[in-house]
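Let me begin by presenting the structure, written as structure tokens, before commenting on it.
The values are calculated or read from the model by the stated rules, or taken from the named source; none is laboratory data. From a predicted model like this one, the values you see are computed outputs, not experimental measurements. Because the Cβ atoms are built from the backbone with ideal geometry, glycine has one as well, and the counts that use them run over all protein chains shown.
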Amino acid sequence: MTNSAVPRWIVVIAAVGAVFVLLPIVAMTTRVDWVHFLPLITSPSSRDALLLSLRTSLSATAVCVVLGVPMSLVLARTTFPGQRAVRALVLLPLVLPPVIGGIALLAAYGRTGLLGKTFEVLGVQIAFSTTAVVLAQSFVALPFLVLSLEGALRIAGTRYEAVAATLGASPSTVLWRVTMPLVLPAILSGAVLSFARALGEFGATLTFAGSLQGVTRTLPLEIYLQRETDPDAAVALALVLVVVSLLVVGLTLRTSGITRRSAL
């Protein structure tokens, strides 16, 4: 169904853009060995990588929610010196190459890192462990939640919170009874985006956590390794990741639609 307000040449360019995005995905499905698809994706290494990715991505999403919601509230509801600089630093992982993020995490939590030395004395090693995977995923995924939630808070405004405050509600009561229910769809949408980013994380994870089967080798790392030794397995696992990503995108669009309706 074509909108008469949109020139036809715009529709043509949009169609070219859609083909540009969809063609590689369709081409990849033609390379899948469907006869051996199930054995390829259920091998021990593939199963370990998938389960590890799901487990660490869920943990990273929880970290993003716990840290990201307060950060979004502070950025959207308060004013302080250097706020723009703080916002830029918080959103820096969005544009920072993931490998650089991994190097930064090593500098902070590695065995000779800023905090890693203290942890090493206590007998705790973070780098090249499952905890490192969660930290790497959280580092790159956190800005997605902060960005989406801060925008939703600004769109929602403060009128309902102001009314609750004039009726005698404490700041904590206003937060839990007014603000949080108001932006809950945005929190869910941001959490889904964070999960998707964590699930596809590669560079920071490889640099900071390494690639040890069952411990730090997530599904993207497994796909990369299989590409060199078993291309059919790599394509099959890539298709699994595409399907999971499609489900995540669909859930994100659904929660985004709820957010827009609630804002109206």
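Quick rundown of the values:
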| quantity | calculated |
| --- | --- |
| Filter result (of a type in the set (Val, Ile, Thr) and at pLDDT below 85) within segment 1-34 | 2, 6 |
| Residues (more than 20 Å from residue 220 (Cα to Cα) and either modelled with pLDDT of 90 or more or surrounded by 11 or more Cβ atoms within 10 Å (Cβ to Cβ) (or both)) located in segment 35-46 | 36 |
| Subset tally (residues that are part of a helix (DSSP H, G or I) and closer than 16 Å to residue 72 by Cβ) for segment 150-170 | 8 |
| Residue among 49, 60 that is small (Gly, Ala, Ser), touching a Ser or Thr at 6+ places or on another chain (Cβ under 7 Å) and under 29 Å from residue 181 (Cα atoms) | 60 |
| Failed item, numbered, when residue 89 is tested on (1) crowded, with 19+ Cβ neighbours inside 10 Å; (2) within 25 Å of residue 190 (Cα to Cα) | (1) |
| Residue list for segment 8-57, restricted to those being assigned to a helix (DSSP H, G or I) and acidic (Asp, Glu) | 48 |
| The one condition in (1) in contact with a helix residue (DSSP H, G or I) (Cβ under 7 Å, 6 or more places away or on another chain); (2) in a loop (DSSP other than H, G, I, E, B); (3) modelled with pLDDT of 90 or more that residue 114 fails to fulfil | (3) |
| Restricting segment 209-241 to residues that are of a type in the set (Val, Ile, Thr) and surrounded by fewer than 20 Cβ atoms within 10 Å (Cβ to Cβ), the residue that is nearest to residue 25 (Cα to Cα) | 240 |
| Residue within segment 162-179 that is touching a Gly at 6+ places or on another chain (Cβ under 7 Å) and either modelled with pLDDT of 90 or more or within 18 Å of residue 248 (Cβ to Cβ) (or both) present | no |
| Residue identified as under 21 Å from residue 56 (Cβ atoms) and polar (S, T, N, Q) among 173, 205, 179 | 205 |
| Single residue of 133, 215, 121 found to be at pLDDT 95 or above and more than 24 Å from residue 72 (Cβ to Cβ) | 133 |
| Verdict on residue 201 being buried (at least 16 other Cβ atoms within 10 Å of the Cβ), modelled with pLDDT under 90 and assigned by TED's automatic domain parsing to the domain that holds residue 135 | no |
| Test: residue in segment 73-92 that is closer than 24 Å to residue 207 by Cβ and not in a helix (DSSP H, G or I) | yes |
| From 178, 183, 249, residue being loosely packed, with under 14 Cβ neighbours inside 10 Å and assigned to a helix (DSSP H, G or I) | 249 |
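For (1) over 23 Å from residue 91 (Cα atoms); (2) out of contact with any Pro (no Cβ under 7 Å at 6 or more places or on another chain); (3) touching a residue at least 60 places away in the same chain (Cβ under 8 Å); (4) β-branched (Val, Ile, Thr), each residue gets a yes or a no:
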residue: 108; (1), (2), (3), (4): no, yes, no, no
residue: 111; (1), (2), (3), (4): yes, yes, no, no
residue: 116; (1), (2), (3), (4): yes, yes, no, no
residue: 153; (1), (2), (3), (4): no, yes, yes, no
residue: 160; (1), (2), (3), (4): yes, yes, no, no
residue: 167; (1), (2), (3), (4): yes, yes, no, no
residue: 172; (1), (2), (3), (4): yes, yes, no, no
residue: 177; (1), (2), (3), (4): yes, yes, no, no
